[in-house]
1. Among the residues of region 37-47, is any farther than 28 Å from PRO250 by Cβ, modelled with pLDDT under 90 and not in a helix (DSSP H, G or I)?
2. Among the residues of region 747-761, is any surrounded by 18 or more Cβ atoms within 10 Å (Cβ to Cβ), touching a Ser or Thr at 6+ places or on another chain (Cβ under 7 Å) and modelled with pLDDT under 95?
3. With (1) aliphatic (A, V, I, L, M); (2) at pLDDT 95 or above; (3) outside any helix (DSSP H, G or I) as the list, and ALA789 as the residue in question, which single condition is left unmet?
4. Please work out which one of (1) on the phi < 0 side of the Ramachandran plot; (2) surrounded by fewer than 23 Cβ atoms within 10 Å (Cβ to Cβ); (3) assigned to a loop (DSSP other than H, G, I, E, B) is the condition VAL50 fails and give its number.
5. Take ALA207 and decide whether it is under 34 Å from the mean Cα position of the chain (by Cα), in a helix (DSSP H, G or I) and at negative phi.
6. Could you pull out the residue among VAL334, VAL367 that is under 30 Å from PRO818 (Cα atoms) and outside the structural domain of PRO688 (by TED's automatic domain parsing)?
7. Can you tell me which residues in region 301-325 are charged (D, E, K, R) and exposed (fewer than 15 other Cβ atoms within 10 Å of the Cβ)?
8. Give all pairs with beta carbons closer than 7 Å in which a residue from region 255-270 that is assigned by TED's automatic domain parsing to the domain that holds THR231 meets a residue that is of a type in the set (A, V, I, L, M, F, W, C) and in a loop (DSSP other than H, G, I, E, B); count only pairs at least 6 apart in sequence or on separate chains.
Amino acid sequence: MTAQMAHIGNPAGTAKPLVRALKDTDATMLAEVGGKAANLGEMTQAGLPVPGGFTVTTEAYARVSPRQLDYDDPQLPANARKILLETPVPDDVEAEIRAAYGQLGADVPVAVRSSATAEDLPYASFAGQQDTYLHIIGADAVVDAVRRCWASLWTDRAVAYRSSNDIDHRLVQLAVVVQRMVDAEIAGVLLTANPLTGRRREAVLDASPGLGESVVSGSVNPDHFVVDTRTGVIKERRLGDKRTLIRSLPDGGTETVNLPDGSETACLTDAQIEDLAALGDQVEKHYGRPQDIEWAIEPGGRLWLTQARPITTLYPLPTDAPDSPDELRAYLNVNVAQGMFRPFTPMGLAAFRLLGSGVADLLHHPVADARQGPPILKEAGGRLFVDATAIIRSKIGRDIMPRMLDVMEARSSAIMRSLFDEPRLSVIHKSRRPVLSAVVRVGVRFGAPQQIGRAFARPAAAREYVRNLEKSLHEGVGQPSDAAGHLRAAEWILNNRTSRIIPSVMPTMAAGTLAYVLAGRLIPDADQDLRRAVLRAMPYNVTTEMDLSLWRLASRIRTDAEAAAELADTSAADLAKRYKAGSLTATTQRGLAAFLEKYGRRAIAEIDLGMPRWSDDPTHILGVLANYLRLDDERLAPDAQFARGAVEAQDAIEQLVAYARSHGRLRARLVEFGLRRSRELIGIRESPKFLLVTALGMAREHLAVIGRELVARQLLDDADDVFFLDFGEVEKAIAGQAYQPLVAERREAYEREVRRRKLPRLLLSDGAEPEVTTSRDDLPEGALGGTPASSGTVTGVARVVLDPTGAHLEPGEILVAPSTDPGWTPLFLTAGGLVMEMGGANSHGAMVAREYGIPAVVGVPDATHAIKTGDTITVDGSTGSVIQQSAAG
């Protein structure tokens, strides 16, 4: 046995119960009876029709559970099962089981079912992971079935499921439910929300004759019904052949019987379907969330509920989403639009509510409580959503928003357009005047006409103006002397300064885009790849400058043998510790300090104020530096590629101007002016986000001071726990309120959401996720399709990266990622190509790929699942296709 061996179980002789009746069980007893029994007991106490029975508690399992297991042993499941099946059931446990079984009746048939403490939970159902034994008769058989249920905690599938959900095997205990067996004439499964569409209050019902095991296991083609639980209307019915029936045997156990085709007749009457849907609705209302229910109907027509668990695959709705089907609302996922897959921390969401309140003030729509934010901002699943209903229901909103999304997140744009035919989202605001008036007022307030004019006339002065905006973020903050002062400073930066500084840079940025668009309008038939090449190696881009600055530091380290060896031979985590201690080789220590002085407020998922900044933890940056040292081919060096990109852009301009000259000298001059101005100004497109991230970093620094003080006062356990509160809660904490339990709960919920792999781009208030599948007839067979982002074709080895921290990318490998933000871009310097699940032609990843001259396709559905690390793929950035040449062995 190794050092990883652990002790499980409680010592014998405690006063904890070994058996508990279901009628005496409720949802608070999860640790004692497991998820399944807790839910059955809860339903029993709520007066719902649940067969009577009892639970053999986790204390009984603890008496026999393996005391020592090697959790690194590949044979862990088999070893644990062997121990449990060979260990005698303790006499007192067996006696209690026999007594409880006797109280149900003499040799009454029962179902014996596993109930793990990590089962039927709101975030992980564990459906089918442990074993169930049906129609068990006699005390001896019940005791044996209990033992086999204990062993099923360690089936290969159960162990794998726990591992995939990051649930520690050491912490999971097993109880066993013993219930009266329902002699089912008909049975099945009822979902109180539609799992395919996500639509709430739309029950999905599968039914077949005999025991429900045939439906649950998928061994029968059942009858299928969809019911609107608000009205009771059966919206869909599809009759299965019902050729397989599982039924009880008189002496115990079950048998499977083959039946003739039964697809002509439904096994349920309409009245029974409606009753089941109504009962499911009652269960959902009791639990407050959609449920996955197993049910059975006896020959006399009596209906029983045999199990209920949360439907864990549904994306949560905003808490104030309307329940009425007549009041449909559409929520746009800001996280996806910004290329951020992970959830926000609670303080990260609170920061955006403050920012939103500041913007609302600018638009003359002040909110009563700035901390609550404008009502247009919603939260669901830890992600930020915008209620886009008013946008979709206005003529100007339909004109503008999809076009913006076209270049940010193309799939979201297609989904939004698909909603235009929904009658409940029809246009009701036809006038453009209110929106245009608001835009004009804000534009005049921030001097947009003057800024645009200055940008066209003197681009260098325009860039200097933008650089100076960073300094003004500090204005009015002062030097706080206590925690309350730091809280006020953080809120002032976000609500007052940031919301006013960001709009100040937009006119200058817009001038560059306008110049590029107008030049393109003058040569609409010109080669599109040439037009895209104009945007390559764009100067004055703060993110590109950051990446090249990091590369130059790597080049200096390369010339210092001691520094290069240190990076090559030491882990990034240890390098970060040395940096904090000031003990890195001088070249690296000084160079990294200078880099972090300018860019240290950046981070992975940097629009979340709660995420550590690089200055807090430079592990990622040190890993990137070490990766840069692996690049030996000078032709692939980022600065060399950037220089080549600039030459290619200049050549593209000359070719486009020559093309325009064939249509007139004036047109050629205007095209040249527009394209050259665009290159002097479009790089500023990264400045608004840089200013936002700088502001968030400043606010974070103030909150970090508060966090340290609250730890010293024992009101928080860790300084970073302050980012799992909101501003109002921090204010109460400063006044003396402790928040350790709330922080622990939020951290657990946050970690669950981090593991979520599927996000809706748009979410409707009825729960539906209206994803749009766009047919691409022009794609080669088997190719993945997306949005062309950076022209060129590359074939190489794929590297799927879900989190850039610590990621290793060999030079020339093709980066496959769910999304990217500036925190990812150092990886681009050695990438041969880019494939992203999210994004549009002007998303951050697309823009940087063009600047570095690497082929890129973005908005590729499920790219990180369809492509595996090691696959050889071809990325065609002109057609938007990704072809898998060969799979990794």
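The values are calculated or read from the model by the stated rules, or taken from the named source; none is laboratory data. These figures come from a predicted structure and were not determined experimentally. Here Cβ is always computed from backbone atoms with ideal geometry, including for glycine, and neighbour counts include all displayed protein chains.
1. Looking through region 37-47, none of the residues is farther than 28 Å from PRO250 by Cβ, modelled with pLDDT under 90 and not in a helix (DSSP H, G or I).
2. Checking region 747-761: at least one residue is surrounded by 18 or more Cβ atoms within 10 Å (Cβ to Cβ), touching a Ser or Thr at 6+ places or on another chain (Cβ under 7 Å) and modelled with pLDDT under 95.
3. The single condition ALA789 does not satisfy is (2).
4. Exception for VAL50: condition (2).
5. Against the criterion (under 34 Å from the mean Cα position of the chain (by Cα), in a helix (DSSP H, G or I) and at negative phi), ALA207 does not qualify.
6. Exactly one of VAL334, VAL367 is under 30 Å from PRO818 (Cα atoms) and outside the structural domain of PRO688 (by TED's automatic domain parsing), namely VAL334.
7. ARG302, ASP320, ASP323
8. GLU255/LEU249; SER263/LEU239; ALA266/LEU239
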